[in-house]
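Here is the structure we will look at.
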């Protein structure tokens with residue numbers, strides 16, 4: 001199963017690809033670590049973002065995209081622009097997209113701890129949240145965990 005974990009921050013979707021084969025996972029290299037919305041003021045800019053993200057997922061044959069869910073209100077609420085990016089990703093055709101709450105991630109990782117130190121993954125520091133999202137989603141699916 002090939003998963004793409006996504007964390008949305010401001011005008012960018014930070015990504016981490018993860019392959020799960022049996023009980024073993026690996027982190028394939030990817031030509032980019034984030035997809036950026038360059039023109040937030042036009043519908044064409046959003047369409048360009050959506051196309052670039054979709055092309056990346058198709059090129060790497062991603063089966064599931066899982067987005068780290070952000071609250072709509074409160075101190076850690078997502079921005080309106082972030083929710084636009086989330087919607088653009090969710091509306092991609094032929095790609096399974098799910099939202100995953102931070103509480104679900106914590107519950108899954110508590111039951112199935114990450115077996116490597118993040119520094120040893122070879123990922124950039126800003127990808128850590130996307131990695132945790134992809135890993136916890138893969139564990140949830142692999143072990144049929146209801147969280």
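Contact order, relative form, for region 2-142: 33 percent (alpha carbon pairs under 8 Å, 6 or more residues apart, mean separation divided by residue count). Which of these, 54, 74, 125, has the largest mean-square fluctuation under a Gaussian network model of the chain (Cα springs below 10 Å)? Among 54, 74, 125, the largest mean-square fluctuation in the Gaussian network model of the chain belongs to 74.
Would you look at the GNM of the chain, springs on alpha carbons closer than 10 Å, and say which of 18, 37, 123 moves the most? In the Gaussian network model the winner is 123. With helices as the sole contributors, the chain gives -11500 deg cm²/dmol at 222 nm; each DSSP H run of n ≥ 4 counts as -39500 (n - 2.57), and the sum is divided by every residue.
Comparing 116, 132, 65 in a Gaussian network model of the chain (Cα springs below 10 Å), the most mobile by mean-square fluctuation is 116.
Cα axis of helix 43-59 to longest principal axis of the chain: angle in degrees, 0 to 90, nearest 10? So the helix axis and the longest Cα principal axis differ by about 30 degrees. Relative to the longest principal axis of the Cα atoms of the chain, the long axis of helix 102-111 makes an angle of roughly 20 degrees. Against the compact-protein benchmark of 2.2 N^0.38 Å, the Cα-based radius of gyration of the chain scales to 1.01. Look at where the Cα atoms of region 13-45 and of region 75-147 average out, and the two centres are 12 Å apart.
Compute the Cα gyration tensor for region 15-58, then decide on rounded, prolate or oblate, letting a ≥ b ≥ c be the square roots of its eigenvalues: rounded whenever a/c is under 1.5, prolate when a/b is larger than b/c in the other cases, and oblate in all that remain. Please report the intermediate quantities before stating the final value.
Numbers: a/c = 4.07, a/b = 3.11, b/c = 1.31.
Judged from the Cα gyration tensor, region 15-58 comes out prolate (a/c at least 1.5, a/b above b/c).
Values quoted throughout were computed directly from the atomic coordinates according to the rules given, and no laboratory measurement underlies them. Note that the structure is predicted; figures quoted are calculated from it, not measured.
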